[in-house]
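Data block below; observations after.
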Amino acid sequence: MNTDIDLYAVRKPEARLGTAVAGRYRLETVQGTGGFSVIYKAQDLETGGPVAIKEFAPYQMDAADAQQRMLGLTQMRREADILARVQDLPGIPGVLDSFTHDGTYYVVKEYLDGMTCEEHARRFRGKIPYALVGYILSETASILDAVHQRGILHGDVSPMNIFLCADGRVCLIDWGNADELTVPDATGRFLQTASGLPEAVNQEFAAPEQLVASVPQDSRTDLYCLAAAGYRSLTGQFPRSAADRLHGQPLVPPSAVVAGLPAFFNDLLLRGLSIAKPDRFQSGAEMREEIARHMSFSVTGTGAGLAAVSAKLLQEKRSPLGVLISRLRR
């Protein structure tokens, strides 16, 4: 066990605001909390710019389970290592620093200005226009394609982990469930390695193979989760869970929830949500290409550092406008 880390230390996030970690990063606001971490917005006192700091906070775990706490620390360190290896790719938040200080572990990341897809949906009363959902799916599929080619699986794609930046970028965040993939098999497809770490599966967005330990995961697993995130963002409803569908309960087509949805968009999500992996999109590039067959996008600034995304349907006479961060942001 790492003696530099106090697995039972209790640090109240709000009480620490205004203090400087390692004498350099002044904690300003709490951005979120997870099973074993707290995320702060902080100021880098050397550069003067904002950063995001993820602190290992094991006090949120079962107090009696030292093994669970140690696994949480291992998972957080693995996340920092994986991000460092792919941060040159578009749509990946940069890792600026990681260190042990005052009995716990910290990862300093690029600060992203904007909000998650789930937060943005709430600005649209729980739903996002399909034109914008198409843009989000296209950009995220591109990120996943690049990451998969590096042999990395995200493992937890959801509206909470797709981040819409104020400048129009889409980023994929929270790589705590990310895992390395093995060398390609006979078909040329990567398969997930056994990391030895338990996976906290998000049941609403999980692919069927994430529910069965003996079934390997690959790039198509992330793409199922992405389609589920698109379904949720578009309809405001969770898709039927993979667990329920494996027991015979049908998936409600998104066109039955969203009036006037183009047929290609309905088919896009249904294909992404196929139970059988061979029936899904086989890569992020394939998914993005399918979207590009029907939609084109342009990103323009709207002032004050914000951006808008417009989408033109190539196969229909409609030209809907999807607003990315918009004036509803504040």
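When you count the other C-beta atoms within 10 angstrom of each residue and take the mean per peptide, 226-239, 45-58, 165-178 line up highest first as 226-239, 165-178, 45-58. Treating r as the C-beta distance of R150 and D279 and R0 as 41 Å, the FRET efficiency rounds to 0.95. Among L164, L313, L137, the largest mean-square fluctuation in a Gaussian network model of the chain, built with springs joining Cα atoms closer than 10 Å, belongs to L313. With the simple model of a label 7 Å out from the Cα in the direction of the Cβ, E180 to E46 spans 2.9 nm. Rg/Rh, computed from the Cα trace of the chain with Rh as the Kirkwood radius, has the value 0.97. Dimensions of region 13-110 from C-alpha coordinates, computed as largest minus smallest value along each principal axis and given longest first, are 41, 34, 20 Å. Taking a span of 20 Å or more along the helix axis (Cα atoms) and a mean Kyte-Doolittle hydropathy of at least -0.5 as the rule, the DSSP H helices of the chain that qualify are 66-86, 130-149, 219-235.
Along the axis of the charge dipole computed for the chain (Cβ charges of +1 for Lys and Arg, -1 for Asp and Glu, origin at the Cα centre), the listed residues P90, H148, A131 are led at the positive end by A131. Under the convention that each Lys and Arg Cβ holds +1 and each Asp and Glu Cβ holds -1, the size of the dipole of region 114-322 around its Cα centre is about 820 debye. A Förster radius of 35 Å combined with the Cβ-Cβ distance from L246 to Q68 puts the calculated FRET efficiency at roughly 0.80. Applying 1/(1 + (r/R0)^6) with R0 = 51 Å to the Cβ-Cβ distance of A9 and R271 gives a FRET efficiency near 0.60.
Look at the dipole of the chain built from charges on Cβ: of S214, L181, L226, the Cα furthest out on the positive end belongs to L226.
Once C-alpha pairs closer than 8 Å and six or more residues apart are averaged by separation and normalised to the residue number of the chain, the relative contact order reads 14 percent. For the chain, lysine pairs separated by 8 or more sequence positions, or belonging to different chains, with Cα-Cα distances below 19 Å total 5.
Considering only alpha-carbon pairs that sit under 8 angstrom and 6 or more positions apart, the relative contact order computed for region 14-171 is 17 percent.
FYI, it's all coordinate maths here, none of it is from the lab. Predicted model, so just to flag it, every value in this text is computed and none were measured. Every residue, glycine as well, gets a Cβ built from its backbone with ideal geometry; the counts of neighbours run over all protein chains shown.
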